[in-house]
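Below: the structure, in structure tokens.
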Amino acid sequence: MTAHEDRQTGAVGFKDVPGQPMFHRVLNAQPMIVRATLMDVRRRFARDVGDDTLGRLELVLAELMNNVAEHAPTGKERPRRVPVIHLCVVRHNGGLACALTDDGTSLPDECVLPRSLPAAIPDDLPEGGFGWFLIQDLTQALCYYRRESRNYLAFNIPFSADGEG
């Protein structure tokens with residue numbers, strides 16, 4: 001089924017229900033695979049979503065999936081086990097709804113607390129602290145929980161105010 005046919009069938013195959021573009025991928029949390037997935041997301045939504053919204057989505061997903069790749073490998077064996085990420089993005093009337101799950105280590109509690117930018121000291125910018133600020137600033141309805149051995153994160157990227165959608 002082509003992407004156009006997929007859009008035409010809509011929900012549960014009813015021809016009269018308008019469909020929305022959707023992206024789903026299961027991937028290993030490795031930098032090159034994350035990069036390829038981000039390029040695939042951009043290609044999937046390029047015709048249906050404006051550049052501003054797509055850029056914000058890409059930035060948030062890059063930060064989240066690269067965090068999983070960098071911080072969530074599990075196990076004491078070397079090399080450590082690479083987490084598996086499940087990603088789903090759906091276009092809706094107000095923006096892009098996103099769900100991301102992984103089987104890596106638990107997200108530290110402080111990550112989902114409200115953030116502000118780290119102090120900017122000229123010629124001595126801190127190494128970290130910007131990612132979760134950006135994620136919280138660019139998303140709406142951000143929620144996280146962990147059940148058993150999986151992390152669940154969901155959020156919305158609203159359409160930009162330029163009449164998109």
In the range 22-59, anything open to solvent by 10 Å² or more (accessible area, probe 1.4 Å), over 13 Å from the mean Cα position of the chain (by Cα) and of a type in the set (Phe, Trp, Tyr) is listed as none
Heads up, the helices (runs of 4 or more DSSP H) in the range 1-120 (entirely inside) with at least 3 residues that are at pLDDT below 70 and charged (D, E, K, R) are 3-9
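Conditions (1) open to solvent by less than 40 Å² (accessible area, probe 1.4 Å); (2) of a type outside the set (Val, Ile, Thr), marked per residue:
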position	(1), (2)
LEU61	yes, yes
VAL68	yes, no
CYS98	yes, yes
ASP103	yes, yes
PRO108	no, yes
VAL112	no, no
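The values are calculated or read from the model by the stated rules, or taken from the named source; none is laboratory data. The shown structure was predicted, so the numbers you read here are calculated from the model rather than taken from an experiment. The area values use the complete protein model at the heavy-atom level, side chains included, leaving out ligands, DNA and RNA. Shrake-Rupley method; radii C 1.70, N 1.55, O 1.52, S 1.80 Å.
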